[in-house]
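J.: Structure below; questions to follow.
The values are calculated or read from the model by the stated rules, or taken from the named source; none is laboratory data. Please read all numbers here as calculations on a predicted model, not as lab measurements. In this analysis, Cβ positions are derived from the backbone assuming ideal geometry, glycine residues included, and neighbour counts consider all displayed protein chains.
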Amino acid sequence: MNSPVFVKSDHEAYAVFVTKLGGPEVLKPAPIKIPDALDHHIVIEHTAVAVNFVDVYLRAGQKHSHNPEPPFITGVSAVGKVLKMGKGVEGFKVGDRVTYTNSGVGTYCTHVCVKEDRIVHVPDDVSDERAAAGFVRALTAQYLLKQMRTLHPGDRILVHAAAGGVGQILVQWALRLGLKIIATVGSDEKIPLVKSLGIEHVINYSKDDFAEQVKLITSGQGVKVVYESVGKDTFTRSLACLEPKGLLVNYGTSSGQVEGFALQDLHANSLWICRPTLKTYVAKRTDLLLMAKEAFEILGDPKIKLAIEAVLPLTQAAKSHEMLESRSTRGAIVLIP
């Protein structure tokens, strides 16, 4: 799709398309029609669109649970108002504030038609921007902390990329659970942010041997779980941070995918490893609703800090990807149609 220079009008529906697999420059806005409301579907007029690393993976063609062929609309989560409803929809009305994720449709657009079982209400105490910035991240933190391995107060964990969108929520939620947290960041500039969240031990993984630091902090015992979203740059050394029978959860690959991993590396200490994705945890509506309830309890608490790095027009989606891939951001990015 080779679209001309796009100029948004106040009444025009549009989407940002991945015109081909590649860098941020392949993201191009183009007009669309407002969709009709199918049976058991809801048409949503977006007010805030989330930017997540999975959007980058899909745009670049990095192997994921699904890889659409261009041209397509990337994005997995957004917030908006119910514009119209199809036959059979229950529990919603026109004008309701709602959000959704992993619905099978791209979100970098002004309007979208989503199946009703993927949609949840946004509470009054959570703004559109905060919901867009935090919903997927809070859902991710929920399954990481509550569903991957049973954790008890006093258990030690390591959280990589703690200054990122998921990382910020993850460490604050973990503190509430009474866990002992060691955090890493990718630069010295991000250390004060993470310490302001209440984390004592913060390591710059890009220049310090974080595995050695973890051993020193834990008196050689290691941690019960490593939450690892960086991938290639931190994966191998993360295994050295685990206590016997410890678990490494790789839920992101911001530095690149992990390749050439030898299963035998887990043998000596009976280590566990997994590579989960949110999509499977919210596949059933009952699970989605339970997780969303907990996620919004966290997001609705003003004591929970959620830094928003930038709020940009949706037409500047390419800039948001440039910022995200620079790995210099210290918070979420939200796009406004």
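J.: In this structure, does residue 270 turn out to be touching a strand residue (DSSP E or B) at 6+ places or on another chain (Cβ under 7 Å), part of a helix (DSSP H, G or I) and among the polar types (S, T, N, Q)?
T.: Spelling it out, it is not the case that residue 270 is touching a strand residue (DSSP E or B) at 6+ places or on another chain (Cβ under 7 Å), part of a helix (DSSP H, G or I) and among the polar types (S, T, N, Q).
J.: Further, regarding this structure: Kindly indicate whether residue 136 is in a strand (DSSP E or B), of a type in the set (A, V, I, L, M, F, W, C) and within 22 Å of residue 55 (Cα to Cα).
T.: No: the conditions fail for residue 136.
J.: With respect to the numbered conditions (1) in a helix (DSSP H, G or I); (2) of a type outside the set (D, E, K, R); (3) more than 21 Å from the chain's Cα centre (by Cα), which one is the sole condition not fulfilled by residue 206?
T.: It fails just one condition, (1).
J.: Kindly indicate which of 306, 314 is farther than 18 Å from residue 171 by Cβ and either modelled with pLDDT of 95 or more or among the hydrophobic types (A, V, I, L, M, F, W, C) (or both).
T.: 314
J.: Still on this structure, please answer the following. Every residue in region 177-198 that is touching a helix residue (DSSP H, G or I) at 6+ places or on another chain (Cβ under 7 Å), in contact (Cβ under 8 Å) with a residue 40 or more places away in the chain and not polar (S, T, N, Q), please.
T.: Passing the criteria: 182, 197.
J.: Would you mind finding the one in 187, 255 that is under 25 Å from residue 58 (Cβ atoms) and surrounded by fewer than 20 Cβ atoms within 10 Å (Cβ to Cβ)?
T.: Answer to the check: 255.
J.: Follow-up. Given the conditions (1) part of a loop (DSSP other than H, G, I, E, B); (2) closer than 30 Å to residue 302 by Cβ, which single one is not true for residue 225?
T.: The number of the failed condition is (1).
J.: Then there is this: Every residue in region 231-255 that is among the small types (Gly, Ala, Ser) and over 19 Å from residue 277 (Cα atoms), please.
T.: Hits for region 231-255 are 238, 240, 246.
J.: Now for a different question. Determine whether region 148-171 contains at least one residue that is under 25 Å from residue 328 (Cβ atoms), of a type outside the set (A, V, I, L, M, F, W, C), assigned by TED's automatic domain parsing to the domain that holds residue 205 and part of a loop (DSSP other than H, G, I, E, B).
T.: Scanning region 148-171 turns up at least one residue that is under 25 Å from residue 328 (Cβ atoms), of a type outside the set (A, V, I, L, M, F, W, C), assigned by TED's automatic domain parsing to the domain that holds residue 205 and part of a loop (DSSP other than H, G, I, E, B).
J.: Take the residues in region 270-284 that are among the charged types (D, E, K, R) and exposed (fewer than 15 other Cβ atoms within 10 Å of the Cβ), then tell me which one is modelled with the lowest pLDDT.
T.: The qualifying residue modelled with the lowest pLDDT is 275.
J.: Look at residue 288 and say whether it is surrounded by 19 or more Cβ atoms within 10 Å (Cβ to Cβ), part of a helix (DSSP H, G or I) and not β-branched (Val, Ile, Thr).
T.: Yes, satisfied.
J.: Could I ask something else about it? Determine which member of the set 40, 111 is within 22 Å of residue 13 (Cα to Cα), modelled with pLDDT of 95 or more and not hydroxyl-bearing (Ser, Thr, Tyr).
T.: Every option except 111 fails the conditions.
J.: Just checking: which of the strands (runs of 3 or more DSSP E) contained wholly in region 17-104 hold 2 or more residues that are hydroxyl-bearing (Ser, Thr, Tyr)?
T.: 97-101
J.: Here's a check for you: in region 117-165, which residue that is buried (at least 20 other Cβ atoms within 10 Å of the Cβ) and touching an Asp or Glu at 6+ places or on another chain (Cβ under 7 Å) is farthest from residue 101 (Cα to Cα)?
T.: The qualifying residue farthest from residue 101 (Cα to Cα) is 160.
J.: Then there is this: Answer with yes or no whether residue 191 is touching a Leu at 6+ places or on another chain (Cβ under 6 Å), at pLDDT 95 or above, over 21 Å from residue 51 (Cα atoms) and not in a loop (DSSP other than H, G, I, E, B).
T.: no
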